[in-house]
Every structure is written in structure tokens, then in C-alpha cells.
Amino acid sequence: MKKLTAEVQVKSAKRLECFIADSDAMIKEAQILRYRVFAKEMGAKLKSESEGLDHDEVDEYCDHLIVYDNVNNKIVGYTRLLTQHQAERLGRFYSQGEFNLDQVLALPGRFLEIGRTCVDPDYRGGAVLTTLWSALVEYALKGQFNYLLGCASITPGPSGFAVDAVYRNIDAKNIAPASIQVTPSIPVPGHLRCGRDESGIPPLLKAYLRFGALICGEPCWDEDFNCMDLFVLLPLDQLQERYSKHYMRDYQAGHEIENTAAL
């Protein structure tokens, strides 16, 4: 069993183990997986494309949470974690590059940002995402964070970005109050919007919504990644009970969940 931090441990799910990458070599392997998913599969325009890696200036400040396949000796799932302390050293949260978060960051408590979440294409539809989410929740709860925040990406369908259709599928209880709404730096352009739901809500976003996450306003258009990003805020004071009832049950039973590419 490997440690997430000095205080946080998770159990392996069969052949899978989830832990914080503890070497430059492992971080580089995770960045190769990110490149495969975001650049090769999703068509993102990365500044680091010539290196065959996805990396940016945020990486050096983050903890890199990986799911490792002990049978095939490879990283098969990933997300990066930026604590409030790390964000202060960096000078910002990553999400602040896409949204004005002044109202959100005025909330009392400690924030943990997640991003660049992805799963190896050969491992979707199995336990990887469940294992990753379980470790993420353990990290957040044991670290006594009050909020998870991040950008949930939704790729376009054949007719464009189904902004209105996505919002029609989000329950009213998951829409943030006006007091913590955010403003996107680049709204999804009108000519790229469509009303028809052609892609649905990604599994990771569904998981957030199931646990009580709030969608805090209109999405931002990320031209480089060709996706629309929804800003998601998840208060952790209500997460533990829901997590225990739902995800931990699935995690322990080894149930499969839906396919996903990235968040």
C-alpha cells in the first residue's frame, strides 16, 4: 500500500493502486498520458505538443494523483491537485484563467482544485475512475478542505456546443445561487452553440452533480482544448455521507462505471 500523503492511504482495487506520484519519471509518464488523451484523442492545441507531453507552469506546484496498474506497470488514470497553499505560491488557481472567482474565493474555508483528469482509453468502463475518485475524496476529507473546485469540460457534438441542453439536464438544486456565480472570460460564442443534446453530460460531471456539486454560471469556451468548461464547486461538508453511501460502495464492490475521456 502506498501513501497519498503522510496521513492519507487508500486500498487497492484488485490490480489498481492510487497514490501521489513520487518521482519526476512518474510525473512525466502521467504527462504522456495527458498528451495522448487531450492532444491525440481530443485535438487540443498544446504548447508542449512538440515534446509529446502535456505540461504547463501549474504542474510544478501540484500533487499528481495517479492510478497505477500493477500488472501492466503503467499509469492508467490521473488528476492533478492544487491546494490553496500551492495556489498562493503559484499566484492563482488554474480556474482563474477562465473565470472571475472573486465571489467564490470570498467564501470562508479552504479550497482544493482538481484538473487535467483523464483515463487511458484501454481502461474506460472499468474501475479506474472509481479508484481515482475514491482516492481524491479521501485526500480532500483527510486534508480538511472545505471545497473542491475545478473546470468540468464538455466537448462539442456534431452541431456545436449544447450549452442550453446541458443546463436543461442539470437539476435546479445543482445551480449555484447568484451570490457565488462566476463570470467566464470567454463565453461560448453564439455561432458555436446549439440547442440539441448530442453528447450528454460526461460521467465525471455526473458524479460531481450526484454528490451535490454546484454549477456556478455560464461556461467558458476553451479554444485550445475545443471544449466548453463549466466551473464546478463542491462543498465538502455534505460529501462524506453521500460518498460513503454511493461511491465507496461501488469502489468496494468493484462495480463498473461509464466510459469517460477527461475532465
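What follows is calculated from the coordinates using simple rules that are stated; it is not laboratory data. The structure presented is a predicted model; accordingly, all values stated were derived computationally and were not measured. Glycine gets a Cβ as well: all are built from the backbone with ideal geometry, and neighbour counts include every protein chain shown.
Please list 3J(HN,Hα) in residue order for segment 203-215, calculated via the Karplus relation 6.51 cos²θ - 1.76 cosθ + 1.60 where θ = phi - 60°; whole Hz, with x for glycine and proline.
So the Karplus estimates, Gly and Pro as x, are x, 5, 5, 4, 5, 4, 4, 4, 8, x, 5, 10, 8 Hz.
Fewest first, what order do Arg110, Arg80 take by the number of other Cβ atoms within 10 Å?
Arg110, Arg80
What FRET efficiency do you get for Lys40 and Arg92 if R0 is 25 Å and r is their Cβ-Cβ distance, rounded to the nearest 0.05?
My answer for the efficiency is 0.30.
How would Tyr123, Tyr78 line up from fewest to most surrounding beta-carbon atoms within 10 angstrom?
Tyr123, Tyr78
Under 14 Å from the Cα of Lys45, which aspartates and glutamates turn up, not counting those fewer than eight places away in the same chain?
Asp54, Asp56, Asp222, Glu223, Asp224
From the mean inverse distance of alpha carbon pairs (Kirkwood) and the Cα radius of gyration, derive Rg over Rh for segment 16-253.
Using only Cα positions, Rg/Rh for segment 16-253 is 0.93.
Label points 7 Å out from Cα along the Cβ direction at Asn174 and Asp56: separation in nm?
Roughly 2.4 nm, to one decimal.
HN-Hα J couplings of segment 32-37 from phi, Karplus 6.51/-1.76/1.60, θ = phi - 60°, integer Hz, Gly and Pro as x?
Per-residue couplings from phi come out as 5, 4, 4, 4, 4, 6 Hz.
Out of all DSSP beta bridges in segment 1-148, what portion is antiparallel? Express it as a percent rounded to 5.
90
Between Asn73 and Glu198, what length in nm is gained on full extension when 0.36 nm per residue of separation is reduced by their alpha carbon distance?
Full extension from Asn73 to Glu198 adds 41.4 nm.
Enumerate the calculated ³J(HN,Hα) couplings along segment 96-101 in order (Karplus 6.51 cos²θ - 1.76 cosθ + 1.60, θ = phi - 60°), each rounded to whole Hz, writing x wherever the residue is Gly or Pro.
5, x, 10, 9, 7, 9
Using modelled amide H (1.01 Å from N, peptide plane; none on Pro or chain starts), what sits under 5 Å from the amide H of Ala44, excluding residues fewer than 5 places away?
Correct list: Ala39.
From the Cα gyration tensor of segment 8-119, with a ≥ b ≥ c the square roots of its eigenvalues, which class applies: rounded if a/c is under 1.5, or else prolate if a/b is larger than b/c, or else oblate?
Oblate shape, in that a/c is at least 1.5 and b/c is the bigger or equal ratio.
Which order results if Cys216, Cys18 are arranged by neighbouring Cβ count within 10 Å, fewest first?
By the 10 Å Cβ count, ascending: Cys216, Cys18.
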